[in-house]
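Remarks on the structure that follows.
The values are calculated or read from the model by the stated rules, or taken from the named source; none is laboratory data. As the structure is a computational prediction, the values presented were derived from the model and not from experiment. Cβ placement follows ideal geometry from the backbone for every residue including glycine, while neighbour counts extend to all protein chains displayed. We work out accessible area using only protein heavy atoms, side chains counted, and drop any ligands, DNA or RNA first. Shrake-Rupley method; radii C 1.70, N 1.55, O 1.52, S 1.80 Å.
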Amino acid sequence: MSLTPDTRYLIALACIKGMNKMLAQSLLEYTGTAENLFLEQEKDIQAASGIKSSIFSDKERKKALETADRELEFIEKKQIDVLFYTDPAYPARLSDCPDAPVLLFYKGNAQLNARKVISIVGTRRATPYGKGFCDDFVRDIAAAYPDTLIVSGLAYGIDIAAHRAAMDNRLPTVGVLAHGLHTIYPPLHRQYAAAMTGNGGVLTEYLTQQPILKPNFVARNRIVAGMADATLIVESAAKGGALITARLASEYHRDVFAVPGRIGDDCSKGCNRLIFENKAALITSTDDFIDAMCWERPAGKPVQQELFPELDATQLLLLDILQEKGECHINQLSIQADIPAAQVLAALLDLEFVNLVRSYPGGLYRKA
């Protein structure tokens, strides 16, 4: 939203200690405008809100206005959008959540109310398996639905893999931050955040004057979960922020999906548990996701095999084995197919060239 005289008071309203969306709605119904909130008598506001507290004292309201004035200097200089929960540009899906932020600060050009929004999150210690799935999933989504918005938390691992995959495939992507827009954490991702503002953006509920606190990283997960149609957990340890995001998405009645992994893999324990406890639907491909979401498929989408009619019998056999086993070492493929290892390697190289299989450390191969 463009800055208006009321922007100052909206920011100040959000700065009042203990402010939430429900309380803000109640106060604005009584005062009519945010500005009037700072003109009313303390006792009248207390009566209207039903809260007997010093948070509406003249001192506290003056302090909130001073904080808002300092924030406005940064906002105007950096051309930040201020999105109050009543603003049409505020994420409508998030607004439906009971604990949605009163106010958001946004730097970017993506439509936060895109027709399709997917949140992709996971462990900070992502494996090639998880990163590869992100790449494949986002590529296929981009091909089928080129206006889809990809949301994540700009953290190490799966988060940044999702953002990078979106940028590589020209999908808009938004990073939800746990701090003000004056900095980027982790610092290594500043270059990505800058690039994302050209096709996507960065979003936060925090002022530049607020410190970076550990609980903020948990709190921001509700924004990641709340502003999307579905949340996809690609990899997660037995405990972690991705599982919190999954729980929040479920509480918001959003679809939750998880990518299964090998038994015993630390980075797959969380996903496997979500699936076992029926807290997330299992997906192994983009097609699984599209079917579960009941999204209409683009007309005339060709079947992958039709794109590569030149595949020979050996290549087709190896693809069938990988489809059944999930992953195989080259020696296992040689035994299963009853084909010399050298011939298997040559076939795999050809399949990797046309992006039908992926190679992983240790001589492992998986179907792309």
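Counting only the heavy atoms of the protein chains, how much of M22 is accessible to a 1.4 Å probe, in Å² to the nearest 10?
The accessible area comes out at roughly 140 Å².
Measure nothing but the geometry: give the 0 to 90° angle between the long axis through the Cα atoms of 313-325 and the longest principal axis through the Cα atoms of the chain, rounded to 10°.
The answer is roughly 50 degrees.
Can you classify region 1-112 as rounded, prolate or oblate using the Cα gyration tensor, where a ≥ b ≥ c are the square roots of its eigenvalues, rounded means a/c under 1.5, and otherwise it's prolate if a/b beats b/c and oblate if not?
On the way: a/c = 2.28, a/b = 1.42, b/c = 1.61.
Verdict is oblate for region 1-112.
If you count only protein heavy atoms and use a 1.4 Å probe, how large is the accessible surface of D320, to the nearest 10 Å²?
Per-residue accessible area (D320): approximately 100 Å².
Can you tell me what share of the DSSP beta bridges in region 223-368 is antiparallel? A percent to the nearest 5 is fine. Present the calculation step by step, with values, prior to reporting the outcome.
Values: 7 of 13 bridges.
Of those bridges, close to 55 percent are antiparallel.
Just the number please: accessible area per residue for region 199-353, 1.4 Å probe, all protein chains included, in Å².
Numbers: 8190 Å² over 155 residues.
Here the per-residue accessible area is 53 Å².
Have a look at F133, I184, G108 and report the one farthest towards the positive end of the charge dipole of region 59-207, computed about the Cα centre with Cβ charges (Lys/Arg +1, Asp/Glu -1).
The residue sitting most towards the positive pole is I184.
Once Lys and Arg get +1 and Asp and Glu get -1 on their Cβ, which of A165, L72, C328 lies farthest toward the positive end of the dipole of the chain?
L72
Please report the antiparallel percentage of the DSSP beta bridges confined to the chain, to the nearest 5.
Details: 15 of 35 bridges.
Among the beta bridges of the chain, antiparallel pairing accounts for roughly 45 percent.
Relative to the Cα centre, what is the charge dipole magnitude of region 180-254, using +1 at the beta carbon of each Lys and Arg, -1 at the beta carbon of each Asp and Glu, and rounding to the nearest 20 debye? Let's see the in-between values first.
Working: 7 positive and 4 negative charges, 36 e Å.
That gives region 180-254 a dipole magnitude of about 180 debye.
Taking only Cα atoms and a 10 Å spring cutoff, compute GNM fluctuations for the chain and point out the largest among P146, P101, P340.
In the Gaussian network model the winner is P340.
Can you give the extra length, in nm with one decimal, that the chain gains between T284 and L345 once fully stretched, where that is 0.36 nm per residue apart less the Cα-Cα distance?
19.5 nm
Rounded, prolate or oblate, given the Cα gyration tensor of region 209-359, with a/c below 1.5 counting as rounded?
Details: a/c = 2.68, a/b = 1.88, b/c = 1.43.
The shape class here is prolate.
Region 92-186: percent of C-alpha pairs farther apart than 19 Å? If you can, show how the numbers build up before the last one.
Working: 1924 of 4465 pairs.
Roughly 43 percent, once rounded to a whole number.
Under a crude label model (7 Å from the Cα following the beta-carbon direction), how far is S53 from L188 in nanometres?
4.0 nm
Between exposed GluC sites (Glu not before Pro) in the chain, where DSSP calls loop and at most 12 other Cβ atoms lie within 10 Å, what's the longest gap? Mind dumping the intermediate values first?
Working: sites that count: E277, E296, E310.
With a cap of 12 other Cβ atoms within 10 Å, the longest stretch comes to 1-276.
Relative to the Cα centre, what is the charge dipole magnitude of region 27-81, using +1 at the beta carbon of each Lys and Arg, -1 at the beta carbon of each Asp and Glu, and rounding to the nearest 20 debye?
240 debye
Explain nothing, just compute: Karplus ³J(HN,Hα) = 6.51 cos²θ - 1.76 cosθ + 1.60, θ = phi - 60°, for every residue of region 166-174 in order, whole Hz, x for Gly and Pro.
4, 5, 4, 9, 6, 8, x, 9, 10
By how many degrees, 0 to 90 and rounded to 10, does the Cα axis of helix 21-31 deviate from the longest principal axis of the chain?
The two axes meet at around 30 degrees.
Rounded if a/c is under 1.5, else prolate if a/b is larger than b/c, else oblate: which is region 312-368, with a ≥ b ≥ c the root eigenvalues of its Cα gyration tensor?
The shape class here is rounded.
Once the dipole of region 1-99 is set up with Lys and Arg at +1 and Asp and Glu at -1 on Cβ about the Cα centre, which of M22, L3, S53 lies farthest towards its positive end?
Sorting the options by dipole projection puts first S53.
If you line up the long axis of helix 241-251 against the longest principal axis of the chain, both from Cα atoms, how many degrees apart are they, to the nearest 10?
Once rounded, the angle reads 70 degrees.
Skipping prolines and chain starts, which residues have an amide H placed within reach, meaning under 5 Å, of the one on C328, given they are 5 or more residues away or on another chain?
Sorted by chain and number, the residues that satisfy this are Y365.
With +1 assigned to the C-beta of every Lys and Arg and -1 to the C-beta of every Asp and Glu, and no other charges, what is the dipole magnitude of the chain about the Cα centre in debye, to the nearest 20?
1140 debye
Applying the Karplus parametrisation 6.51 cos²θ - 1.76 cosθ + 1.60 with θ = phi - 60° to the phi angles of region 202-212, what ³J(HN,Hα) value in whole Hz is obtained for each residue in order, glycine and proline being reported as x?
So the Karplus estimates, Gly and Pro as x, are 10, 9, 7, 9, 9, 6, 5, 7, 8, x, 7 Hz.
Which sequence of T148, T33, T284, T208 reflects their accessible areas, 1.4 Å probe, from the largest down? Before the final figure, lay out each step's value.
Values: T148 0, T33 55, T284 90, T208 30 Å².
Solvent-accessible surface, decreasing: T284, T33, T208, T148.
Which of the residue pairs K21/K63; K43/K107; K77/K131 have a Cα-Cα distance greater than 27 Å in the structure shown? Provide the component values of the computation, followed by the final result.
Values: K21/K63 20 Å; K43/K107 38 Å; K77/K131 37 Å.
In this structure, K43/K107; K77/K131 exceed 27 Å between Cα atoms.
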